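Have a look at the structure below before the remarks.
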Amino acid sequence: MAIVTFGEALIDLLPADNDPQQCVKCAGGAPANVAVGVAKLNQESVFIGTLSQDAMGQLIRQELLSVNVDLAYSSISTHSTALVLVSLDDHGERSFQFYRHATADLQFDSQTLTAYPFSRGDIIHLCSNTSTLPSCHSDTLLGLLAIQSTGAMISVDVNLRENLWPTDQLAHLPQRVADLIKLADIIKFSKEEFDYLAEQIPGFAAIIDQRIHDHAIFLITDGANAIRILSKPLNNHAVTPVSPSKVIDTTGAGDGFISGFLTFCQEHKITATNDFSAETLHEAVHFASQIGAKACEKKGAFNALPYLSEL
């Protein structure tokens, strides 16, 4: 039973502590963050993606391997590593400026996803950022359909980053996210993402209702406010999140949350979403919120994600 993450690995350029005009390089990218998160929680973690052979790509590779993330199914490209300039406000909240044109993380096809021998009990996790181009979106869907047939669970963190999308592709964002929602078993939104897509996706409420009928689980986070669960076991249930002891940087909070939720699934041998009872689903979200809270207490993403012993 493995947690397999697919998608972008990149470099976050964070402001230095002693001089905000200087940058510190930190390996990141939402799927790569989740790969690190589950590895640090003692789960079998596999990352599928394309890493650059440049110095930044080598840094990412070294950091993934240092926490025992399996890179056997990742490939190396001559394309450059994507970069993200991260700005933090006084409350640790972040904003992003992306440099991602024809970068290594976009060099994949449907066979990239299916190189791993998925079976029931495995989980694949990804974000919407692999759908920013038409060919990437089509290949992602083809790969997920093949994985779905193996009985593995599909987890999607919507993780909208509109400035990652080419201007001529933004109009397709709602439909492409809807395509992912229709295939996923576990879907995470922030409240802002959920409210935005409710207005942008035609028939959004009906899609949500149908997916809940199919035993999909929707997790809606809202910073320090209650986490909402939409599911069969718990219908519009609220869970009070664990609060961090201090907030330094929220960059890895959402990725920490989903790392914790997927880890709970593996630890409790949940191989399908209909294995959840109301009680275990509440427990899973509470555990996930502990990981998300811990990730806010340090700067960066990989470094901030906690080991099990830190909880």
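Laboratory data are not the source of any read-out in this text; all were calculated from the coordinates shown. Please read all numbers here as calculations on a predicted model, not as lab measurements. So basically every Cβ, Gly included, is an ideal-geometry build from the backbone, and we count neighbours across all protein chains shown.
Can you tell me how much longer the chain between Asp168 and Lys246 gets when fully stretched, taken as 0.36 nm per residue apart minus their C-alpha distance, in nm with one decimal?
Taking 0.36 nm per residue and subtracting the Cα distance, the gain is 24.1 nm.
What's the extension gain from Asp209 to His101 if we count 0.36 nm per residue and subtract their Cα-Cα distance? Walk me through the numbers before you get to the answer.
Numbers: separation 108, 0.36 × 108 = 38.88 nm, distance 3.68 nm.
Extra length from Asp209 to His101 when fully extended: 35.2 nm.
Provide the percentage of antiparallel DSSP beta bridges, counting only those with both residues in the chain; round to the nearest 5.
If I count the DSSP bridges inside the chain, around 40 percent turn out antiparallel.
Among DSSP beta bridges lying fully in the range 1-94, give the percent that are antiparallel, nearest 5.
Approximately 40 percent, going by the DSSP bridge assignments.
Any lysines with Cα under 17 Å of the Lys40 Cα? List them, leaving off those in the same chain fewer than 8 positions away.
Lys294, Lys298, Lys299
In whole Hz, what ³J(HN,Hα) sequence does the range 123-132 give by Karplus (6.51, -1.76, 1.60; θ = phi - 60°), x for Gly and Pro?
Along the range 123-132, the couplings run 10, 10, 10, 8, 10, 6, 6, 8, 10, 6 Hz.
With viscosity set to 0.890 mPa s and temperature to 25 °C, compute the Stokes-Einstein D of the range 188-282, Rh being the Kirkwood radius across alpha carbon pairs; µm²/s, no decimals.
The calculation lands on 170 µm²/s.
Starting from a Cα-only point model with no solvent, please compute log10 I(q)/I(0) by Debye for the range 79-159 at q = 0.15, 0.22, 0.23, 0.24 1/Å.
Cα-only, vacuum Debye calculation for the range 79-159: -0.66, -1.04, -1.09, -1.14.
May I ask you to derive the relative contact order of the chain, considering only C-alpha pairs under 8 Å and at least 6 residues apart, and to give it as an integer percent?
18
Can you give me the long-range amide H partners of Ile217? Hydrogens built in the peptide plane at 1.01 Å from N, cutoff under 5 Å, separation of 5 or more residues or another chain.
Ile186, Ile187
For the range 124-257, count the residues as N, evaluate 2.2 N^0.38 Å, and divide the Cα radius of gyration by that value, please.
1.07
Compute the normalised compactness of the chain: alpha-carbon radius of gyration over 2.2 N^0.38 Å, N being the residue count.
0.91
Hey, which lysines would be in cross-link range of Lys232, C-alpha to C-alpha under 23 Å, not counting anything within fewer than 8 residues on its own chain?
Of all the lysines, those that pass the test against Lys232 - Cα under 23 Å, at least 8 places apart if same chain - are Lys182, Lys188, Lys191, Lys269.
I'd like the antiparallel share, as a percent to the nearest 5, of DSSP beta bridges with both residues in the range 59-181.
Values: 6 of 12 bridges.
DSSP beta bridges in the range 59-181 are roughly 50 percent antiparallel.
For the chain, what is the calculated [θ] at 222 nm in deg cm²/dmol (nearest 500), taking -39500 (n - 2.57) for each run of four or more DSSP H residues and dividing by its residue count?
Result for the chain: -10500 deg cm²/dmol, rounded to the nearest 500.
Which residues make up the longest stretch of the chain clear of GluC sites (Glu not before Pro) that lie in a DSSP loop with no more than 15 other Cβ atoms within 10 Å, not counting the sites?
Looking at the chain, 94-311 is the longest stretch - no exposed GluC sites (Glu not before Pro) with at most 15 other Cβ atoms within 10 Å.
Considering only C-alpha atoms, what is the centroid distance from the range 174-252 to the range 73-90, in Å?
So the separation of the two Cα centres works out to 26 Å.
Per 0.36 nm of contour for each residue apart, how much would the distance between Tyr307 and Cys23 grow if the chain were fully extended, relative to their Cα-Cα spacing? Present the calculation step by step, with values, prior to reporting the outcome.
On the way: separation 284, 0.36 × 284 = 102.24 nm, distance 2.58 nm.
Separation in residues times 0.36 nm, less the Cα-Cα distance, equals 99.7 nm.
Would you please give the residues with an amide H less than 5 Å from that of Ala301, counting only those at least 5 places away or on a separate chain, with H modeled from the backbone geometry?
none
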